[in-house]
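Report on the structure given below.
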Amino acid sequence: MRSFSPVKLAGRAWRRWRGDSRKFIFLYHRIASPAEDPFALAVPERWFQDHLEILRSQCRLVSMDEILRRRAGRSSFVASITFDDGYTDNLRTAAPILRSAGIPATFFICTGCLGDARGFWWDRLASGIGAADRVPPHFEDVQGIPLADSLGSPESRRKATLDIALRLQRVHPLERDRVVADLENALESGGSGQAEPCPVLDEAGVRELGAEPLAQLGAHTENHAMLSMLPREEQLAEISRNVAKLADITGTRPRFVAYPYGSEQAYNTDSCLAARDAGLEAAFVNHAGRFDPKGQPYLIPRYYVPPLPADRFRTWLRGILGTG
């Protein structure tokens, strides 16, 4: 998924880079309409269908293999679609839409919590805070991570969720997950709301998604760790375990990896070396950069797609393509 750092959802000015400037890889996470979406990860189904129609009017949509290996024409844009994390809606909602439209996509799957109906750690954090009305009287700061004095308004809950997630994404996965569990326990007595499920694919779902004729699966680490926070050997283990698990489930070894969060602070040179040492052909980041698969195969840029309705998405896309 993208970094939790605040971003503007529309009208963001991207730097122009040399390299193959007519190729673009777009990043989605969920195709769903949750009641709360503090991280802006969910694009509603109707909007996603609109996005695809608009993308097709501006770009030739191709597979990952084609966009990495072929040059774009001088007068056309070439694009590929990706998804990060491995939510169940990727299979149940996104895949049928893509199949019907004949559009290929690559799904980068994190294997650390396959089958968890609660979602990933950030989903559990958001659900716990979203269901709370107040800070419980017995709550004490957990690892220096404070909650707001009041969780009585949507804005206060959103701010608390983003503030805590921004800190936790830089914590080792073992400690991060312990803190989230502690926060969940502390918040259980803080309100009467209902936590919203954000189900993750189970092994059968991963297998089914991998069998889609236009789908390709990629690696996204075992525990969705911020790789730059780990020594190189742990980074390699995170990637290698993920690759081995996906190969065991599907019978096909992934060839690509997407770095979790993907911001410029979320990976480092050791991450690129770990991806290479794991035997992967390419790695993907979540920010603008030089599109040069031959010269920089482990730093391939992608563009996070915000949840925008058709008109605003069209304007956003023109900004990305440089045609606005």
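Some observations on this one:
- Being out of contact with any Leu (no Cβ under 9 Å at 6 or more places or on another chain), under 24 Å from Val243 (Cα atoms), in the same structural domain as Phe291 (by TED's automatic domain parsing) and surrounded by 18 or more Cβ atoms within 10 Å (Cβ to Cβ) is not true of Ala42.
- Flag for Thr315 being in a loop (DSSP other than H, G, I, E, B) and among the β-branched types (Val, Ile, Thr): no
- If you check Ser57, Ser127, Ser33 for being small (Gly, Ala, Ser), part of a helix (DSSP H, G or I) and surrounded by fewer than 21 Cβ atoms within 10 Å (Cβ to Cβ), only one passes: Ser57.
- Condition broken by Ile239, with the remaining ones in (1) farther than 25 Å from Ala42 by Cβ; (2) touching a residue at least 24 places away in the same chain (Cβ under 8 Å); (3) surrounded by fewer than 18 Cβ atoms within 10 Å (Cβ to Cβ) satisfied: (3)
- The residue list Leu166, Leu151 contains one member that is modelled with pLDDT of 85 or more and either under 18 Å from Glu36 (Cα atoms) or loosely packed, with under 14 Cβ neighbours inside 10 Å (or both), which is Leu166.
- Flag if Leu68 is at pLDDT 95 or above and in a loop (DSSP other than H, G, I, E, B): no
- Going through (1) under 19 Å from the mean Cα position of the chain (by Cα); (2) outside any loop (DSSP other than H, G, I, E, B); (3) more than 29 Å from Leu174 (Cα to Cα) one by one, Pro307 falls short only on (2).
- Residue count for segment 1-57 satisfying the condition of being among the hydroxyl-bearing types (Ser, Thr, Tyr) and modelled with pLDDT of 95 or more: 3.
- Checked against the criterion of being within 16 Å of the chain's Cα centre (by Cα), in contact (Cβ under 8 Å) with a residue 12 or more places away in the chain, part of a strand (DSSP E or B) and over 21 Å from Gly324 (Cβ atoms), the candidates Phe107, Phe39 yield just one match: Phe107.
- Filtered residue count, segment 210-226, keeping only those that are buried (at least 24 other Cβ atoms within 10 Å of the Cβ) and hydrophobic (A, V, I, L, M, F, W, C): 4
- Residue in segment 192-204 that is surrounded by fewer than 21 Cβ atoms within 10 Å (Cβ to Cβ), closer than 19 Å to Leu280 by Cα and in contact (Cβ under 8 Å) with a residue 12 or more places away in the chain present: no
Okay, residues lined up against (1) under 24 Å from Asp89 (Cα atoms); (2) assigned to a helix (DSSP H, G or I); (3) modelled with pLDDT of 95 or more:
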{"residue": "Leu236", "(1), (2), (3)": "no, yes, yes"}
{"residue": "Asp248", "(1), (2), (3)": "yes, yes, yes"}
{"residue": "Ser263", "(1), (2), (3)": "no, no, yes"}
{"residue": "Leu273", "(1), (2), (3)": "no, yes, yes"}
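- Counting only residues that are over 12 Å from Ile109 (Cβ atoms) and in contact (Cβ under 8 Å) with a residue 40 or more places away in the chain, segment 209-220 holds 3 of them.
The values are calculated or read from the model by the stated rules, or taken from the named source; none is laboratory data. Worth saying up front: this structure is predicted, and the values here are computed from it rather than measured. Using ideal geometry, Cβ is built from the backbone for each residue, glycine included, and neighbour counts are taken over all protein chains shown.
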